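Taking it in order: structure first as structure tokens, then the write-up.
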Amino acid sequence: QVQLVESGGGLVQAGGSLRLSCAASGRTFSSYAMAWFRQAPGKEREFVAGITRSGGFTKYADSVKGRFTISRDNAKNTVSLQMNSLKPEDTAVYYCARNGAMFSNILYSSRAEYDYWGQGTQVTVSS
């Protein structure tokens, strides 16, 4: 069983920064692409950023390009999301997720392509 646990969320003023972390318990973390999704109240869960298994390639939603950076540390079984220049519209519960295909280098943005999810961490950006 794979477990993903997010941390680092909180309340921040617009223009501020937060760094989210996701710790994975699986033994084959480095074999999977990872991603961050977010879900605002009353909205569908949406793709935010993805990273290939060795961290060589990344993909971002247009709404966060230039502001967010996804990274991973396979030695520590963690994936992070550095969020800068935060806006009120970034307010959401943020989830980390593992892609369902081992060794895949395709960064899917569809929720259906991910098989394990964390419980989420709340990010609230005030204006």
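Descriptive notes on the structure:
- The stretch 75-115 - Kirkwood radius from inverse mean 1/r over Cα pairs (Å): 12.8
- Furthest towards positive pole of dipole, TRP36, GLN119, GLN82, structure part the stretch 36-120, Cβ charges: GLN82
- Charge dipole (debye, nearest 20) of the stretch 1-117; +1 at Cβ of Lys and Arg, -1 at Cβ of Asp and Glu: 200
- Of all lysines in the structure, those lying under 18 Å Cα to Cα from LYS43, and not within fewer than 8 positions of it along the same chain, are LYS87.
- Element breakdown for the chain at a 1.4 angstrom probe: carbon and sulfur atoms account for 46% of the accessible area.
- Selected from PHE68, PHE37, PHE57 as most flexible by GNM, with the chain as the system and alpha-carbon contacts under 10 Å: PHE57
- By the rule of a C-alpha distance below 28 Å, with chain neighbours fewer than 8 residues away ignored, the lysines paired with LYS76 are LYS59, LYS65.
- Working note: Cα gyration tensor of the chain, eigenvalues times five, square-rooted, sorted largest first, giving semi-axes of 23, 14, 14 Å.
- Sum of side-chain charges, GLY66 neighbourhood, beta-carbon under 14 Å (Lys, Arg +1; Asp, Glu -1): +2
- Using R0 = 41 Å, the C-beta based FRET efficiency linking LYS87 and ARG27 works out to 0.60.
The values are calculated or read from the model by the stated rules, or taken from the named source; none is laboratory data. On a predicted model such as this, the values are computed, not experimentally measured, just so you know. With ideal geometry, Cβ positions are generated from the backbone for all residues, glycine too; neighbour counts draw on all protein chains shown. The accessibility values were calculated without ligands, DNA or RNA, using every heavy atom of the protein model including side chains. Shrake-Rupley method; radii C 1.70, N 1.55, O 1.52, S 1.80 Å.
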